[in-house]
1. Among the acidic types (Asp, Glu) and in contact with a helix residue (DSSP H, G or I) (Cβ under 6 Å, 6 or more places away or on another chain): which single residue out of B:ASP210, B:ASP111, B:ASP164 fits that description?
2. Of these, A:TYR219, A:TYR202, which one is among the hydroxyl-bearing types (Ser, Thr, Tyr) and either in a helix (DSSP H, G or I) or surrounded by fewer than 17 Cβ atoms within 10 Å (Cβ to Cβ) (or both)?
3. Scan the range B:281-299 and give yes if some residue there is surrounded by fewer than 17 Cβ atoms within 10 Å (Cβ to Cβ) and free of Cβ contacts under 8 Å to residues at least 12 places away in the same chain, otherwise no.
4. Hey, can you tell me all the residues within the range B:10-45 that are more than 11 Å from DNA strand D (Cβ to nearest atom), over 27 Å from B:LYS315 (Cα atoms) and modelled with pLDDT of 90 or more?
5. From A:ASN78, A:ASN115, which residue is over 16 Å from the mean Cα position of the chain (by Cα) and either farther than 25 Å from A:ASP225 by Cα or facing chain B (nearest Cβ under 8 Å) (or both)?
6. Which of the residues belonging to the range A:313-341 are assigned to a helix (DSSP H, G or I), buried (at least 17 other Cβ atoms within 10 Å of the Cβ) and of a type outside the set (A, V, I, L, M, F, W, C)?
7. Quick check: anything in the range A:37-52 touching a residue at least 24 places away in the same chain (Cβ under 8 Å), away from chain B (no Cβ under 14 Å), among the β-branched types (Val, Ile, Thr) and over 19 Å from B:GLY82 (Cα atoms)?
8. Across the range B:4-52, what is the number of residues that are surrounded by 14 or more Cβ atoms within 10 Å (Cβ to Cβ), basic (Lys, Arg) and within 12 Å of DNA strand C (Cβ to nearest atom)?
2 protein chains.
Amino acid sequence: MEPVTLKQIAEELNISVATVSKALKDYPDVSKKTKALVKELAKTLNYKPNTFAVNLRTRESKTIGLVIPVIVHHFFSNVIKGIVAQAEKKGYLVIILQSNESYELEKKQIDLLLNQRVDGIMISLANGTADFSHLKQVLELGKPLVMFDKIAKIVPCSKVVIDDRKAAYLATQHLIDTGCTRIAHFRGALLPQNSIDRFLGYKKALLDNDLPYDPSLVYICECDDRSFEEGLDNAKKLLNDHDDVDGIFINTDLVAIGAMTELAKQGVAVPNDMAVVGFSNWFMSSVISPSLTTINQPGVEMGKRAFKQLYKEIKAIKKNKPINPKVITLETELIKRESTK
Amino acid sequence: MEPVTLKQIAEELNISVATVSKALKDYPDVSKKTKALVKELAKTLNYKPNTFAVNLRTRESKTIGLVIPVIVHHFFSNVIKGIVAQAEKKGYLVIILQSNESYELEKKQIDLLLNQRVDGIMISLANGTADFSHLKQVLELGKPLVMFDKIAKIVPCSKVVIDDRKAAYLATQHLIDTGCTRIAHFRGALLPQNSIDRFLGYKKALLDNDLPYDPSLVYICECDDRSFEEGLDNAKKLLNDHDDVDGIFINTDLVAIGAMTELAKQGVAVPNDMAVVGFSNWFMSSVISPSLTTINQPGVEMGKRAFKQLYKEIKAIKKNKPINPKVITLETELIKRESTK
DNA sequence: CTGAAAGCGCTTACAG
DNA sequence: CTGAAAGCGCTTACAG
């Protein structure tokens, strides 16, 4: 069944394609009578404008691209949900690509989206991304770009983030407030800004409380597909290396849950022998036992705000107005549960 | 920065647009010399074909649509991951929409995707969907359609599923084998085929083992955003209504985890006082305590297979060949853990 | 109020 | 081997 075109409607009604087009779009310079006729026929024929042709003419696709490190991930899937919902409200569709924490893939995917001529791009960076030319290219092409969560400070585009340093400080301070004096940190990968900031927040809280900062208490995890296992492994190492640690601040809930599993296995009581604070407030953190104290990170909200910003920029560009990149910082909060005293 | 067009390349080299187009696509009837010249210039100018124009000419978008009930969901996010990965391999992009378990939204979204002229559509139905005309419309337009997980038997398209009845039978049989004699069932919503099938598998296992089927032991949950709370609520009701139940087979892990939380709260020991089997093998089921016995449901694999089938059908339609709808059934397995004896 | 015309950027059947 | 021409289905500035 071939789709109906403007031409067919025009022929049927013995009027021109131009008039049909204008009638359907409610141009003021078409008579009411003609409009009514056209609209009725369009409806009975189930006319749908050919998006390909519309895109070609209007030079926009009403489609945006999203590159995300991991899809099966409590926080990121919440962000996706927020973006998709907000975009749909504004008549935009979202193409989603997973970078798998790989710089190479991420680069290719940005290229794919550019080829596709999406109206804008949203991204949370892969752990492996240290070069940002692919992102600068997006901006050079005049396409709006919004980064969220894992951002690059150096790229002059809009960003939606939380104050990772402050949140990490809060988490560590909570451990100190509840009596911990020797606190380890399972940090994220080396490159991402957010794992750097969380580390710095941890360190600052120690120093502000006159606790020594000991690098041997900092363990690294990639926080990729293997997060849970990384938690297990790091906890094992930690227990092996040190016998005086009484608290851990961990970069991500899933890693923390892995760590707590290992602690339980080795008979280390949480929170009495070892207190644990995670980050991100994954759903399962509330249902495990002991439940996990963590930092709430508003995923859906982040997705919504990021899309709203992108939308503004798309509109601005359409009107040939300059874009003013914004950094939007969302609030976080400490959620106290059973894994701390 | 305006994108480069074929015309610009043609003018620069003093040849025709047609030749440039053919050279870039390695048509055999273009001289090697011309091809080399064209390709080199295209590269230095960073030429990207305008997808809008290509789409208009070729009548395909290399884009498919996916409608999914919930994004923040262990099983579905795995399916998304599988689809997106497989599609990318074949040069297809995926537009994702969330129906939120609403028939109305689902219908609108199918329309959106049809308007967008995606090359094919994949869907897992919303709980609320009882009318299938929006899906039949897809087929009538000659667009490939593949359903997965939550399907409608009556729609003559390809489907990727598991044998829900068999899996539920297995789960219930396991409860019986480990000594349960009065087994409740927290089923899914009334309409979806998979919750009907799981219910039927449960019932059949009872009857095959000469255990009476008692409708008052069957509780319903929508399995939407509130899954966890539904588990809590249903467990509360169950404990209130009956004091002789010793096992529950539950439609989804997340509901089961809610139920176990309530059981723990009320001091009911799992598995000794009450054994529990879930469905779907969510990651958190392995890390809670006691860990949850469940049925493994291969999400990524389901996504991949569903895309592969869609791809075949897209190719077939392109060649004007008929589509032979297939039903692909994936294997499941029982994963025994601590919530059963 | 209506329509003829140009054009978006490509592809492809056809002529030479 | 190369190119002129038609056309995909729309939009919009312009003429009448």
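The values are calculated or read from the model by the stated rules, or taken from the named source; none is laboratory data. Computed from a predicted model, the values in this text were never measured in an experiment. Reconstructed Cβ throughout: ideal geometry from the backbone, glycine too, with neighbour counts over all protein chains shown.
1. Answer to the check: B:ASP164.
2. Testing whether each residue is among the hydroxyl-bearing types (Ser, Thr, Tyr) and either in a helix (DSSP H, G or I) or surrounded by fewer than 17 Cβ atoms within 10 Å (Cβ to Cβ) (or both) leaves just A:TYR202.
3. No: zero hits.
4. B:LYS39, B:GLU40, B:LEU41, B:ALA42, B:LYS43, B:THR44, B:LEU45
5. A:ASN115
6. A:GLU313 - this is the single residue of the range A:313-341 that is assigned to a helix (DSSP H, G or I), buried (at least 17 other Cβ atoms within 10 Å of the Cβ) and of a type outside the set (A, V, I, L, M, F, W, C).
7. The answer is yes; a qualifying residue exists.
8. The qualifying residues number 2.
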